[in-house]
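Visitor: One structure, pasted below without further comment.
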Amino acid sequence: MEINTIEVIFLSNAKLAGKLCGRVAVVFLALWFISQVTELLGKYEYPEYFLGFVFLFFLASSILESAKYKVFFKKMAYSIAKCTFLIWLFIKIGDHFDWTGFEYWSQYTDYFIIAFFASILIGYTIGKHRRGARAAFYGIGFLGIVFWIFAKIFNLVPEYQTLIFFGSIAAVGIGYIVGIFEEERKFRWIYEAEDFEKIEEPKIKEEARVLKSNLEIKGGNSKINIEEGSIFVPVANGKEIGGVFFGQGSYSVDAKVKKYINVFQGITVLTGDKWKNVKKSLRDAEEKDFESMGLKKDEVFDLARIQIEEKEWKKIRKRFEKTVSSIDMPFIKVRETEAGDYVKVGPIEVIDVEGKGSRVKFGPFKVGESIEWEEQALYDISAKIRTKNKEISLKIKGDKTILKEDDRMVISKPEKVIIEDGDVSLKITENKRILKSEELSIFESEGKTVLKTPDVKVILNDELTIKKDGETHVLKNAKIKQEIKDKVDDLIRDILDKKEMKELDSLLEKLKQEL
């Protein structure tokens with residue numbers, strides 16, 4: 001019997017056993033409820049045992065359900081954390097209302113809450129081999145502080161409270177110090193780092209069709225167009241989830257201050273959660289269709305297969321699978337994804353985003369980089385465009401669009417736009433615009449505009465202030481003030497388009513004449 005077959009049988013049996021334990025837990029909960037409202041099963045002998053079996057089988061069910069994931073120990077730790085917290089909460093509620101059987105279990109509540117925090121720490125730390133020691137120590141330290149707060153409130157392990165507090169502070173300090181060695185120091189664990197359920201690998205169908213009319217996909221502020229006559233090869237993993245297109249197309253992304261438009265010819269891979277809603281008018285491909293592309297039918301299938309099965313299928317799979325390393329509770333949230341990690345316990349928030357660094361927040365206080373967490377989700381449509389000279393990625397989710405092309409990344413939403421292009425960055429919100437570049441920086445908010453070059457700083461609010469060579473000049477020229485306001489959009493576009501800064505040079509020359 002092959003190893004894969006044995007693995008499938010084991011996972012199937014573990015899942016079945018988990019469901020069985022869950023149902024047994026429900027049965028014992030029903031028996032406890034009967035003993036609570038009647039004396040049919042005895043007034044004193046049974047209730048605490050019924051509760052004990054409820055807790056035991058509930059915990060076993062969660063652990064067995066974890067076996068279907070490759071990162072078994074991490075998922076198991078989070079499952080234990082979820083179970084022990086719910087058990088602790090259930091006991092606290094039952095003891096408060098003097099429910100039958102809880103007088104016995106109330107003496108063990110400390111152990112359940114300790115197990116909860118220990119499991120959170122273990123699960124979070126196991127996942128840190130991909131992110132480095134800094135985030136692990138931050139997480140351990142701040143979760144330890146939350147546990148210390150719990151210990152103070154509920155009088156848990158009073159003899160160890162001081163040790164827990166100073167140990168947590170030390171962990172945060174160590175995390176801050178070792179951050180400088182982030183790239184060199186990594187935790188290594190001897191297991192395969194996969195956070196996803198197994199699904200069938202996407203494959204192409206050896207069917208070649210041709211678009212009878214243009215295929216157009218719109219979402220938010222963006223549009224993708226594949227032109228009539230393009231060859232289409234379906235992609236499926238049990239059901240059709242996308243396609244590979246050979247031919248011409250175009251895309252556009254509206255980023256408020258600028259619209260990114262591009263026409264391309266090459267190979268386009270389209271997949272997404274909303275693929276089934278994409279309307280296509282197709283016909284069977286003929287020999288002349290392949291000849292117009294300069295390809296043979298087998299070559300089209302080979303090229304399509306390379307896009308999906310040999311290089312891209314892992315990326316596509318991750319967009320179609322469920323991220324399982326997560327906990328959702330009223331005061332606890334844990335997320336571990338390919339993009340980064342997020343842990344929130346009460347007022348404490350730890351964020352670690354791949355390629356952007358880490359941030360720790362305790363109420364209004366922040367330590368680390370200025371980054372925000374965005375929940376990972378399936379994309380409505382994802383396009384991977386390959387031309388002769390470049391690779392372009394365009395992803396649409398609701399009213400949000402993410403465009404990546406060479407060094408440029410554009411994130412466009414109705415309420416926010418972020419553009420990063422080499423050393424240029426632009427952030428636009430409802431009432432603020434911030435541009436940063438080597439040549440020019442612009443800050444614009446309600447009632448205030450600041451332009452800064454290596455030599456001059458221009459501040460425009462009620463007055464027009466020029467700072468140059470250590471001197472400050474205040475100008476009263478209303479015409480110049482209005483001209484600066486009118487040219488901000490043009491200046492931003494010139495920077496984004498990497499044009500010669502003629503508008504800026506002209507403006508600075510006029511200001512120089514006014515001094």
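The values are calculated or read from the model by the stated rules, or taken from the named source; none is laboratory data. Since this is a predicted model, take the numbers as computed values, not measurements. Neighbour counts are summed over all protein chains in view; Cβ atoms, including those assigned to glycine, are modelled from backbone coordinates with ideal geometry.
Visitor: Restricting attention to the stretch 408-425, which residues are charged (D, E, K, R) and in contact with a helix residue (DSSP H, G or I) (Cβ under 7 Å, 6 or more places away or on another chain)?
Guide: Of everything in the stretch 408-425, just one residue is charged (D, E, K, R) and in contact with a helix residue (DSSP H, G or I) (Cβ under 7 Å, 6 or more places away or on another chain), namely ASP421.
Visitor: Scan the stretch 493-509 for residues that are in a helix (DSSP H, G or I), among the aliphatic types (A, V, I, L, M) and touching an Asp or Glu at 6+ places or on another chain (Cβ under 8 Å) and jot them down.
Guide: ILE495, LEU496, LEU504, LEU507
Visitor: For the stretch 473-492, give me each residue that is touching a helix residue (DSSP H, G or I) at 6+ places or on another chain (Cβ under 8 Å), surrounded by fewer than 16 Cβ atoms within 10 Å (Cβ to Cβ) and in a helix (DSSP H, G or I).
Guide: GLU483, ASP490
Let's see how each residue does on (1) surrounded by fewer than 13 Cβ atoms within 10 Å (Cβ to Cβ); (2) outside the structural domain of LYS487 (by TED's automatic domain parsing):
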| site | (1), (2) |
| --- | --- |
| ILE396 | no, yes |
| ASP407 | yes, yes |
| ILE418 | no, yes |
| ASN431 | yes, no |
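Visitor: With the requirement that a residue be under 22 Å from ASP490 (Cβ atoms) and at pLDDT below 90, what does the stretch 387-422 give you?
Guide: Correct list: GLY422 only.
Visitor: Under 25 Å from LYS259 (Cβ atoms) and touching a residue at least 24 places away in the same chain (Cβ under 8 Å): does that describe LEU475?
Guide: Here the answer is no, as LEU475 does not meet what is asked.
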